[in-house]
1. Could you tell me whether region 89-99 includes any residue that is within 13 Å of the chain's Cα centre (by Cα), under 20 Å from VAL147 (Cβ atoms) and either exposed (fewer than 15 other Cβ atoms within 10 Å of the Cβ) or not polar (S, T, N, Q) (or both)?
2. In region 44-65, what count of residues is obtained for those that are of a type in the set (Phe, Trp, Tyr) and touching an Asp or Glu at 6+ places or on another chain (Cβ under 6 Å)?
3. State which residue is surrounded by the most Cβ atoms within 10 Å (Cβ to Cβ) when the search covers only region 12-28 and only residues that are of a type in the set (A, V, I, L, M, F, W, C) and either out of contact with any strand residue (DSSP E or B) (no Cβ under 8 Å at 6 or more places or on another chain) or outside any loop (DSSP other than H, G, I, E, B) (or both).
4. Is it true that LEU43 is in contact with a Leu (Cβ under 6 Å, 6 or more places away or on another chain), within 19 Å of PHE123 (Cβ to Cβ) and among the aliphatic types (A, V, I, L, M)?
5. Can you name every residue in region 147-171 that is surrounded by 19 or more Cβ atoms within 10 Å (Cβ to Cβ) and part of a strand (DSSP E or B)?
6. If ARG133 passes every condition in (1) within 18 Å of ILE21 (Cβ to Cβ); (2) surrounded by fewer than 22 Cβ atoms within 10 Å (Cβ to Cβ); (3) charged (D, E, K, R) but one, which one does it miss?
7. Taking region 29-88, which residues are surrounded by 15 or more Cβ atoms within 10 Å (Cβ to Cβ), of a type in the set (A, V, I, L, M, F, W, C) and not in a strand (DSSP E or B)?
Amino acid sequence: MKRNSNVVTVVGNPVTLLGKIVKTGNHAKNFIATGQDFKPVMLSDFQGKVRIISSVPSLDTDVCAQQTRRFNLEASKLNNVHIITISCDFPTALKRFCAAEGIDKITVISDHKETDFGIKYGFLIEEFRQLARGIVIIDQYDMVKYVEIVKEIADQPNYDKAISVAKKLAS
């Protein structure tokens, strides 16, 4: 498994990301994850729209919950944009979280089984088998247009910049 050199820290301690970090300008790799109903969900299921992929380590943490609530709120303001939150949480935990928090405008999926997204996009943290925090934006033609991997896992991503990029691509 390829280790990449992107430095991500957890409480200041460096962790290892597996896979090759996706880059702006790359063709987006299709990946398969698991929906809250345990059925497969693929990136290609949302083809033809701008997609924001919001990667979070675990919805059981405050920062990840805030990130997911923020994108759920923003989703109603974005036309022709589909937002996907992905973590390695078990699908039943995602379902419980979404029901409790009223998350109903975005797709929330699990990378727990194959870690296909994590490896293909370079977001999988080897030490914890969780995803790094970040955002990937893919246009309607399956080209990667924006990538942010948050350096300190407890920090928030740059929502304003990501939303601005998505709006420009969707218009």
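No value in this document is a laboratory result; all are computed from the given coordinates. Everything numeric here is computed off the predicted structure, so don't read it as measured data. No Cβ is skipped: glycine too gets one built from the backbone with ideal geometry, and neighbour counts run over all protein chains shown.
1. Scanning region 89-99 turns up no residue that is within 13 Å of the chain's Cα centre (by Cα), under 20 Å from VAL147 (Cβ atoms) and either exposed (fewer than 15 other Cβ atoms within 10 Å of the Cβ) or not polar (S, T, N, Q) (or both).
2. In the first step, residues of region 44-65 are kept if they are of a type in the set (Phe, Trp, Tyr); the result is 46.
Checking which are touching an Asp or Glu at 6+ places or on another chain (Cβ under 6 Å) leaves us with none.
The qualifying residues number 0.
3. Taking region 12-28 and keeping what is of a type in the set (A, V, I, L, M, F, W, C), we get 15, 17-18, 21-22, 28.
Filter once more, so that each one left must be either out of contact with any strand residue (DSSP E or B) (no Cβ under 8 Å at 6 or more places or on another chain) or outside any loop (DSSP other than H, G, I, E, B) (or both): 15, 17-18.
Working: VAL15: 15, LEU17: 26, LEU18: 17.
Per the criteria, the residue is LEU17.
4. Details: in contact with a Leu (Cβ under 6 Å, 6 or more places away or on another chain): no; within 19 Å of PHE123 (Cβ to Cβ): yes; among the aliphatic types (A, V, I, L, M): yes.
For LEU43, the condition - in contact with a Leu (Cβ under 6 Å, 6 or more places away or on another chain), within 19 Å of PHE123 (Cβ to Cβ) and among the aliphatic types (A, V, I, L, M) - is not met.
5. So the first thing to find is which residues in region 147-171 are surrounded by 19 or more Cβ atoms within 10 Å (Cβ to Cβ), and the list is 147, 149-150, 153, 157, 162-163, 165-166, 169.
VAL147, ILE149, listed by residue number.
6. Of the numbered conditions (1) within 18 Å of ILE21 (Cβ to Cβ); (2) surrounded by fewer than 22 Cβ atoms within 10 Å (Cβ to Cβ); (3) charged (D, E, K, R), the odd one out for ARG133 is (2).
7. Hits for region 29-88 are PHE31, LEU43, PHE46, VAL56, LEU59, VAL63, CYS64, ALA65, PHE71, ALA75, LEU78, CYS88.
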